[in-house]
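Working notes, beginning with the structure itself.
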Amino acid sequence: MTEHDPHAVLTIGDFAARAGVATSAVRYYESLGLVASVRTGGNQRRYRRAELRRVAFVRAAQSVGLSLDEVKDALDRLPGKRVPDRADWLRLSAEWRRRLEGEIARLKDLQEDLDGCVGCGCLSLEKCAVYNLGDKLAADGPGPQRGFKTA
Ligand code: FES
């Protein structure tokens, strides 16, 4: 086995150090099925070097705002649940880029709405676009939708 042999196995401490995460994070990721270990004859965890790429994938996906459930879903969709390769990352990161662009646009809109709140403080359901994000009551009809309604 060489230093870069993907089938080489590491202790949890070595694996965590190489992945740049705490051992508790490795155990947590494993409990969620994001990384896998093998067991020694003495029932100790060992991690294949190739699993380091899964941790990198998880961390990168989290950096762009994906939840661990979404990351797991992406990893579970890989054929044979293999370790994500360069092509997988390119494909998924392109999808996530579009999502990030949508989130940036939403935050810019929110920032503009918040500008209207500066110096106001009303937090009015009717007037404040930040309090009433997306005008949640608009679908119920025109005019005030809170308070007593007659049947
Ligand atoms: S607090 Fe008055 S408009 Fe938002």
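For the stretch 17-45, a residue qualifies if it is open to solvent by 60 Å² or more (accessible area, probe 1.4 Å) and in a helix (DSSP H, G or I), and the qualifying residues are Ala17, Arg18, Ser24, Arg27, Tyr28, Ser31. Check the stretch 95-108 and report whether any residue there is in a helix (DSSP H, G or I), open to solvent by less than 40 Å² (accessible area, probe 1.4 Å) and among the aromatic types (Phe, Trp, Tyr). Checking the stretch 95-108: at least one residue is in a helix (DSSP H, G or I), open to solvent by less than 40 Å² (accessible area, probe 1.4 Å) and among the aromatic types (Phe, Trp, Tyr). Can you tell me which residue within the stretch 46-81, out of those that are of a type in the set (Lys, Arg) and not in a helix (DSSP H, G or I), is nearest to Gly33 (Cα to Cα)? The selected residue is Arg77.
The values are calculated or read from the model by the stated rules, or taken from the named source; none is laboratory data. Remember, it's a predicted structure, so these values are computed and weren't measured experimentally. To get the accessible areas, we keep the full protein, side chains included, count just its heavy atoms, and leave off ligands, DNA and RNA. Shrake-Rupley method; radii C 1.70, N 1.55, O 1.52, S 1.80 Å.
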